[in-house]
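**Student:** Below are the structure tokens for one structure; questions will follow.
The values are calculated or read from the model by the stated rules, or taken from the named source; none is laboratory data. Here the structure is a predicted model, which means the values were calculated and not measured. Cβ coordinates were reconstructed from backbone atoms using ideal geometry, including for glycine residues, and neighbour counts include every protein chain displayed.
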Amino acid sequence: MRKGLRVIAPLLPAAFAIGASFGVLARASHFSAVAAVVMSATTFAGSSQVAAASILGAGGGIAAAVLAALLLNLRYTPMGVTVAQSFHGLPVWRRLAEAQLLVDESWALAGGGTRRFDRRMMLAMGAAMWFAWVGGTAAGALLGSVVSDVSSFGLDGAFAALFLALLAAQVTNRRALAAAVLGAAIAAVLTPLTPPGVPIIAATAAVLVGWKRA
């Protein structure tokens, strides 16, 4: 667990900063400070929180926000399958609690998807990321209560920047690039025609480009 904390330490400032950006922008999307912090503490999934908050802030419905968040978090299903063996023998409540700390960074750095996966490392890294994320959200939510215009600080572009950063790491071949371009095109076409949230949901159809028959 000490090794896990050493490995994750360089990423904690970034997690805190992004969490703070989410806190500020959540307030701009009409979340209360308490709601923003509780969302981070219970959801603990940056991309899905950003999607839900941006949809609600743009006037979209709760159903669209929840569906977009669920679609973004579907990646945790195969990730969970790859490490499920490490949780065998634990009580259900403990598996549910520990699984909450399985995020992209803790899964990858603890060896997720390989035989060298270390559950204790994952727990230490996930817990550290949780404190940084929730702490950053709290700081941002408090700042957001005194910032009337987030665009004056450039924070209105933070949501888009976060998603671009997540996308850049995934576009590693032509098939992935085609899916990304098609998704962007679907969203661009539907944005002026449909309610907020619908373009994001519809754009996920682009993943079919990467579908291969067995």
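**Student:** Kindly establish whether Ala35 is assigned by TED's automatic domain parsing to the domain that holds Thr137, surrounded by fewer than 23 Cβ atoms within 10 Å (Cβ to Cβ) and in a helix (DSSP H, G or I).
**Tutor:** yes
**Student:** Moving on to the next point. Has the range 113-120 got at least one residue that is at pLDDT 85 or above, surrounded by fewer than 19 Cβ atoms within 10 Å (Cβ to Cβ) and of a type in the set (Ser, Thr, Tyr)?
**Tutor:** For the range 113-120, residues at pLDDT 85 or above, surrounded by fewer than 19 Cβ atoms within 10 Å (Cβ to Cβ) and of a type in the set (Ser, Thr, Tyr): absent.
**Student:** Could you go through the range 63-83 and let me know if any residue there is in contact with a Leu (Cβ under 8 Å, 6 or more places away or on another chain), in contact (Cβ under 8 Å) with a residue 40 or more places away in the chain, crowded, with 18+ Cβ neighbours inside 10 Å and of a type in the set (Gly, Ala, Ser).
**Tutor:** Looking for residues that are in contact with a Leu (Cβ under 8 Å, 6 or more places away or on another chain), in contact (Cβ under 8 Å) with a residue 40 or more places away in the chain, crowded, with 18+ Cβ neighbours inside 10 Å and of a type in the set (Gly, Ala, Ser), one finds at least one in the range 63-83, hence yes.
**Student:** For the range 147-159, does any single residue satisfy the condition of being closer than 28 Å to Ile8 by Cβ, part of a helix (DSSP H, G or I) and at pLDDT 70 or above?
**Tutor:** no
**Student:** Now, a different point. Give me a count of the residues in the range 91-120 that are of a type outside the set (Asp, Glu) and in contact (Cβ under 8 Å) with a residue 12 or more places away in the chain.
**Tutor:** Of the residues in the range 91-120, 14 are of a type outside the set (Asp, Glu) and in contact (Cβ under 8 Å) with a residue 12 or more places away in the chain.
**Student:** Kindly indicate whether Val7 is surrounded by fewer than 22 Cβ atoms within 10 Å (Cβ to Cβ), free of Cβ contacts under 8 Å to residues at least 40 places away in the same chain and either aliphatic (A, V, I, L, M) or in contact with a His (Cβ under 7 Å, 6 or more places away or on another chain) (or both).
**Tutor:** Taking the combined requirement at face value, the residue does not satisfy it.
**Student:** Something else now. Would you check which residues across the range 39-76 are closer than 14 Å to Pro199 by Cα and of a type in the set (Ser, Thr, Tyr) and list them?
**Tutor:** Listed by number, the list holds a single entry, Ser54.
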